[in-house]
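One structure is given below, encoded as structure tokens.
The values are calculated or read from the model by the stated rules, or taken from the named source; none is laboratory data. This is a predicted model, so every value here is computed, not measured. Every residue, glycine as well, gets a Cβ built from its backbone with ideal geometry; the counts of neighbours run over all protein chains shown. All accessible areas refer to the heavy atoms of the entire protein, side chains included, with ligands and DNA or RNA removed. Shrake-Rupley method; radii C 1.70, N 1.55, O 1.52, S 1.80 Å.
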Amino acid sequence: YSSFGSRNQAVLVGFQAQAGFLDIAGVRLFNYAGSPTGHAITYALWSDPTEDGNPDDAQLLTSVDSTVGTSWQDVFFPKVTPIALGSWFYVGVYLRDLEKAPFITGVDNGIPTGNSHQYNFLGDAAVDLSSLGTGAAEVHRWSADEGVGGNLLIRAIPQVSPAGVPE
């Protein structure tokens with residue numbers, strides 16, 4: 001997983017919204033060893049207008065620019081975005097303008113692949129986050145059959161409501 005050889009890489013994971021997990025506040029990423037700490041990175045949230053679990057037509061809802069950190073990194077969007085119960089959404093990161101795009105995140109081998117949908121849009125030209133399906137030279141859709149023995153360590157951060165005060 002050290003490198004795909006392309007200069008630009010958007011990696012995202014798709015989920016279906018569940019009760020108690022409907023308001024997305026940010027993205028959590030585990031930086032895989034060898035990723036360029038300090039390099040510019042964009043964290044993003046997309047909706048799926050066709051609700052088919054395929055991000056080729058995903059619509060960018062919000063994003064925030066940051067830098068690559070070490071280990072776990074939580075990045076929060078400017079505002080919380082509500083997601084309807086049962087709707088597909090995607091969270092991910094975008095690295096650009098590298099000599100070679102590294103595999104940016106680790107893999108959780110303790111959870112069977114299939115609990116989420118995982119995608120990698122990459123190429124030497126920039127990936128358009130507003131039009132993923134047309135902005136990538138190559139698209140990988142990972143599954144257990146394609147050698148990823150777990151789930152990518154990219155997670156949505158839900159808004160946490162403060163505990164109610166008893167009357």
Discussion item. Being more than 20 Å from residue 118 (Cβ to Cβ), modelled with pLDDT under 90 and open to solvent by 60 Å² or more (accessible area, probe 1.4 Å) is true for just one of 19, 40, 33. Which residue is that?
Written reply: 19
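Pick out the one residue from 97, 128 that is modelled with pLDDT of 55 or more, open to solvent by 50 Å² or more (accessible area, probe 1.4 Å), in a loop (DSSP other than H, G, I, E, B) and farther than 22 Å from residue 37 by Cα. Show your work before the answer.
Values: 97 fails: farther than 22 Å from residue 37 by Cα.
Being modelled with pLDDT of 55 or more, open to solvent by 50 Å² or more (accessible area, probe 1.4 Å), in a loop (DSSP other than H, G, I, E, B) and farther than 22 Å from residue 37 by Cα holds for just one of 97, 128, which is 128.
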Discussion item. Please count how many residues of segment 72-92 are within 22 Å of residue 18 (Cα to Cα) and outside any loop (DSSP other than H, G, I, E, B).
Written reply: 13
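For segment 24-79, which positions are of a type in the set (Lys, Arg) and either touching a Gly at 6+ places or on another chain (Cβ under 7 Å) or free of Cβ contacts under 8 Å to residues at least 60 places away in the same chain (or both)?
79
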Worksheet item: Since residue 56 meets every condition but one in (1) of a type in the set (Asp, Glu); (2) modelled with pLDDT under 85; (3) open to solvent by less than 60 Å² (accessible area, probe 1.4 Å), which condition does it not meet?
Response: (3)
Discussion item. Testing residue 69 on (1) crowded, with 19+ Cβ neighbours inside 10 Å; (2) in a loop (DSSP other than H, G, I, E, B); (3) not hydrophobic (A, V, I, L, M, F, W, C), one condition comes back false. Which one is that?
Written reply: (1)
